[in-house]
Amino acid sequence: MAGGAAVLALAARQARIARERAIDAIRDPEGIEWSGFIDVRGTRQWLLIRGRRRSNELVLFLHGGPGSPVTGLAGTRYQGALEERFVVVHWEQRGAGKSYRAGLSEPLTLETYVADALAVTDQLRNAFGKEKIFLVGHSHGGLLGAHLVARFPERYHAFLAVGPLVDATRQEQLSAAYVRDFYAERGETHAVARLDRLGAPPYADPFRAVMAERWLLARTPGFSGPGWPLRRATSELLTCPYYRLRDLVNYYRGSRRSLRQHLTSDYWSLDLKATHTEFAVPVFILVGANDQNTPTSLAREYFQRLRAPRKELVIVDGAGHMVFFEAPARFNHEVIRLFSGLATAS
């Protein structure tokens, strides 16, 4: 019986994937829909490129985690409006998702991600004949993007940080306090006790403690609100049309391995407010009002210190950390509005 149920589940998954791929297919001869591996500094890393007009400006999406791709954004459901106006590139970074094996060749450091991102940027610029591209970075991708545009502004029209990692120490302190209050108000003493056993950030064992705290956070509105509940997130990952079953296993392995290498004692020194406040390109920040993973209050503080040719802070009411899934229409609208005209002006 169990074997039969598994076969039926796999068949249902394949049928759903086939339907979604058919719905999302870009058939316009002027468009582009391409996925595959490219060479990135001697490793094979995976890209998905979609757009209704190949000649449109490029947007490179830097996912967060590190190690947590959001390739499920691609397609009409979540980023259809962006694909009409831009060529959108999802890059599964070294050690993450379909690029999992690329992460086995060297340590996963911020400098490694920066070098990889620069290599991907240059390959895209050359392939599409663009002097500059747009950059969007989510969570840890926001940290990565800030480093990238600060060092190489000549390659980018503008940068949008979505729920960025701003200040690691304060982030964990605020997030842990929110989680404790959330469960204490509900009388869930086991959750409170589990959190209390971790101690206070900065933790001696960052990986173990942050993973435990985020497990609790993921079940609150501070991670993802009613627009994209956890059960839906899980279901959509399991049926992502670009993943085989082996890719799903590597997604989990890559996420844990990437985080383990990221969450070390060096993690606590990350603070964009102290290191990256001067930019030569427009910089925008977009956050969910309820985000307690990378708390909105830190994004506000960071925005006040930013100096850039143009800057704007956008706060999306009712959304948490996964704002592009929770409020896709608002997210797409803001990206288009913020980036509009910047390619011709630069």
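Here are a few things to note about the model shown:
- Rounded if a/c under 1.5, otherwise prolate or oblate - the stretch 35-165, Cα gyration tensor axes: rounded
- Fewest-first sequence of 294, 112 by Cβ atoms within 10 Å of each Cβ: 112, 294
- Simple spin-label estimate for residue 173 and residue 197 gives 2.6 nm between the two label positions (7 Å along the Cα-to-Cβ direction from each Cα).
- Look at 281, 179, 162 and count the other Cβ atoms within 10 Å of each Cβ; fewest to most, that gives 281, 179, 162.
- Length added when fully stretched, residue 106-residue 126, from 0.36 nm per residue minus Cα-Cα: 4.6 nm
- Packing order of peptides 284-291, 151-158, highest average first: 284-291, 151-158 (average count of other Cβ atoms within 10 Å over each peptide's residues).
- Each residue, residue 264 and residue 211, gets one label point 7 Å from its Cα in the Cβ direction; the gap between the two is 1.7 nm.
- Fully extended contour minus Cα-Cα distance, from residue 76 to residue 236, at 0.36 nm per residue: 56.2 nm
- In a fully extended conformation the segment linking residue 35 and residue 252 would gain 76.0 nm over its present Cα-Cα distance, using 0.36 nm per residue.
- Cα gyration tensor shape of the stretch 152-243, rounded if a/c is under 1.5, else prolate or oblate by comparing a/b with b/c: oblate
- By the rule of a C-alpha distance below 14 Å, with chain neighbours fewer than 8 residues away ignored, the aspartates and glutamates paired with residue 273 are 167, 301.
Values quoted throughout were computed directly from the atomic coordinates according to the rules given, and no laboratory measurement underlies them. These figures come from a predicted structure and were not determined experimentally. Backbone-built Cβ (ideal geometry, glycine too); neighbour counts: all protein chains shown.
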